[in-house]
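Let me begin by presenting the structure, written as structure tokens, before commenting on it.
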Amino acid sequence: MTPPDNGNSDGYPHALESIGTVRQIYDGALSPELAVNTYRNIDRLFPTRTVEPGGTPSALPAAAARLTQVNFTVSAARYSLADFMSVNRVAGLLILKDGKIVHETYQYGNTQRTRWMSMSVAKSITSTLIGAAVKDGYIASIDDQVTKYVRRLVGSAYDGATVRNVMMMASGAQWNETYTNPNSDRRQLLEAQISQKPGSAMDLMSKLPRAAAPGSVYNYSTGETQVAGEIVYNAVKKPLAQYLSEKIWSKAGMEAQANWWLDSPNGVEIGGSGISATLRDYGRFGLFVMNDGVAAGQQVVPVGWVTDAGTPKVLTSGNSINYGYLWWIPPSGPSAADGAFYANGIMGQQIYVNRKEKVVIVVWGAQTDPAGNGTLPVVPFFDAVVAALK
């Protein structure tokens with residue numbers, strides 16, 4: 001257990017709480033109370049880099065009518081908003097319609113100043129930075145070879161894989177994502193991060209065997225997103241946190257600093273997790289995406305990028321996947337019909353974007369089981385929220 005950070009100087013309201021370890025998170029070994037403390041203090045687990053906001057926060061006005069009740073059905077059982085909050089241990093919930101707040105709730109002592117972990121929601125932010133790098137000309141094409149930008153992977157299973165393949169989780173490199181298995185590739189990547197040794201993550205990725213031809217098989221891999229982060233880092237030649245600040249955080253009107261884990265002191269950001277931000281700023285990121293990647297009147301990603309990133313992809317094998325460029329896509333139902341998509345992280349983190357209905361939903365979960373056992377699926381809840389706001 002990590003002791004309280006008594007040297008915290010920004011007056012952060014949770015700075016004095018005792019927290020668990022990152023291994024305990026992935027082992028599912030945190031008590032519910034310790035999980036809450038840890039998830040809002042993850043910037044104490046590793047060195048971080050700050051994502052600076054701009055000078056003036058963008059307004060998030062309250063809507064004239066508030067959404068207080070949502071009912072949805074899962075396997076013939078009916079659930080309410082209160083059920084969803086309780087069963088999924090929701091620590092924060094923000095619902096925006098037409099850029100206005102229709103619902104905002106903080107649980108477990110959280111406040112508007114609380115920074116909460118993203119887990120794999122960070123993956124969708126990393127892919128958005130790839131879009132920005134394409135718009136800025138740092139990345140010529142997402143059909144470029146990965147090794148053009150990450151020379152450490154020359155001669156590895158990533159030979160022949162493209163930036164697009166990586167964003168589709170389809171590089172062909174072999175990977176086991178099991179969080180709770182200490183021998184899995186995911187846990188080996190975590191141990192590399194814990195070692196805080198520069199280059200250790202890419203050393204691991206360079207040794208993976210090839211399991212399939214690039215582009216032919218979808219295989220969810222957090223390692224893939226560390227490669228994605230390295231692509232951005234090497235292409236733009238500046239830290240991801242700085243680039244995120246310059247392109248989005250300062251332009252989209254974020255109100256607070258965010259933090260992003262590093263692979264080593266002053267090293268490279270963790271492309272697949274480790275962002276810590278306020279509920280409203282995650283909501284503003286959702287609005288930025290909902291508005292097709294425009295911030296402060298500027299087109300930050302290429303025109304059409306958001307549509308491309310948020311639609312199902314087809315592998316070279318001909319199989320379709322309900323996954324975009326590091327965004328999840330509902331396989332069926334109203335959200336699928338609307339073309340909605342969402343960022344998703346273990347322990348219950350989501351940013352849902354429905355551009356057709358102008359709805360953004362941010363969920364903070366304080367779950368303790370990495371497998372999500374016993375929780376309610378989120379897409380039926382999202383569908384019900386959108387329906388209730390029509």
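The values are calculated or read from the model by the stated rules, or taken from the named source; none is laboratory data. Quick caveat: nothing in here was measured; it's all calculated off a predicted structure. Positions of Cβ are backbone-derived with ideal geometry, glycine not excepted, and every protein chain shown enters the neighbour counts.
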Residue check, ASN291 against (1) touching a helix residue (DSSP H, G or I) at 6+ places or on another chain (Cβ under 8 Å); (2) surrounded by fewer than 21 Cβ atoms within 10 Å (Cβ to Cβ), all met but one. Which one? (1)
Taking TYR108, is it among the aromatic types (Phe, Trp, Tyr) and in contact with a strand residue (DSSP E or B) (Cβ under 6 Å, 6 or more places away or on another chain)? yes
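Residues are listed down the side, and each one gets a yes or a no for (1) in contact with a helix residue (DSSP H, G or I) (Cβ under 7 Å, 6 or more places away or on another chain); (2) buried (at least 19 other Cβ atoms within 10 Å of the Cβ); (3) of a type in the set (A, V, I, L, M); (4) over 30 Å from SER317 (Cα atoms):
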site: GLY215; (1), (2), (3), (4): yes, yes, no, no
site: ASN219; (1), (2), (3), (4): no, no, no, no
site: GLU224; (1), (2), (3), (4): yes, yes, no, no
site: GLY229; (1), (2), (3), (4): yes, yes, no, no
site: ALA235; (1), (2), (3), (4): yes, yes, yes, no
site: GLN242; (1), (2), (3), (4): no, no, no, yes
site: ILE248; (1), (2), (3), (4): yes, yes, yes, yes
site: LYS251; (1), (2), (3), (4): no, yes, no, yes
site: MET254; (1), (2), (3), (4): yes, yes, yes, yes
For residues that are over 23 Å from PRO32 (Cβ atoms), touching a Ser or Thr at 6+ places or on another chain (Cβ under 9 Å) and buried (at least 22 other Cβ atoms within 10 Å of the Cβ), tally how many sit in the stretch 96-123. 2
Is it true that LEU204 is part of a helix (DSSP H, G or I) and in contact with a strand residue (DSSP E or B) (Cβ under 7 Å, 6 or more places away or on another chain)? no
Does VAL306 qualify as being within 26 Å of LEU60 (Cα to Cα), in contact with a Leu (Cβ under 8 Å, 6 or more places away or on another chain) and crowded, with 18+ Cβ neighbours inside 10 Å? no
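Does at least one position in the stretch 201-210 carry a residue that is of a type in the set (Asp, Glu), over 19 Å from VAL121 (Cα atoms) and either free of Cβ contacts under 8 Å to residues at least 24 places away in the same chain or surrounded by fewer than 17 Cβ atoms within 10 Å (Cβ to Cβ) (or both)?
To start, the set of residues in the stretch 201-210 that are of a type in the set (Asp, Glu) comprises 203.
Now narrow it down to the ones that are over 19 Å from VAL121 (Cα atoms): 203.
With either free of Cβ contacts under 8 Å to residues at least 24 places away in the same chain or surrounded by fewer than 17 Cβ atoms within 10 Å (Cβ to Cβ) (or both) added as a condition, the list becomes 203.
Checked against the condition, which is being of a type in the set (Asp, Glu), over 19 Å from VAL121 (Cα atoms) and either free of Cβ contacts under 8 Å to residues at least 24 places away in the same chain or surrounded by fewer than 17 Cβ atoms within 10 Å (Cβ to Cβ) (or both), the stretch 201-210 yields at least one hit.
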List the strands (runs of 3 or more DSSP E) inside the stretch 11-105, counting only whole elements, that have at least 1 residues being free of Cβ contacts under 8 Å to residues at least 12 places away in the same chain. 77-80
Kindly list the number of the only condition in (1) over 25 Å from GLU52 (Cβ atoms); (2) touching a residue at least 40 places away in the same chain (Cβ under 8 Å) that fails for VAL154. (2)
Check whether at least one residue in the stretch 260-282 is surrounded by fewer than 19 Cβ atoms within 10 Å (Cβ to Cβ), modelled with pLDDT of 95 or more and under 23 Å from PRO53 (Cβ atoms), and report yes or no. yes
For the stretch 290-306, pairs from a residue that is within 10 Å of GLY131 (Cβ to Cβ) and modelled with pLDDT of 95 or more to a residue that is of a type in the set (A, V, I, L, M, F, W, C) and surrounded by fewer than 16 Cβ atoms within 10 Å (Cβ to Cβ), with Cβ under 9 Å and 6 or more apart or across chains, are GLY293/VAL303
Among the residues of the stretch 163-179, write down those that are assigned to a loop (DSSP other than H, G, I, E, B) and either of a type in the set (Gly, Ala, Ser) or within 20 Å of the chain's Cα centre (by Cα) (or both). MET168, MET169, ALA170, SER171, GLY172, TRP175, ASN176, GLU177, THR178, TYR179
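Would you pick out the residues in the stretch 278-299 that are closer than 13 Å to SER127 by Cβ and among the hydrophobic types (A, V, I, L, M, F, W, C)?
Residues satisfying the conditions are PHE285, VAL289.
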Which pairs have Cβ atoms under 8 Å, sit 6 or more apart or on different chains, and link a residue in the stretch 189-200 that is farther than 17 Å from GLY229 by Cα to one that is of a type outside the set (Phe, Trp, Tyr)? ILE194/VAL22; ILE194/ARG23
Quick one: how many residues across the stretch 205-250 are among the aliphatic types (A, V, I, L, M), over 15 Å from the mean Cα position of the chain (by Cα) and within 22 Å of SER320 (Cβ to Cβ)? 4
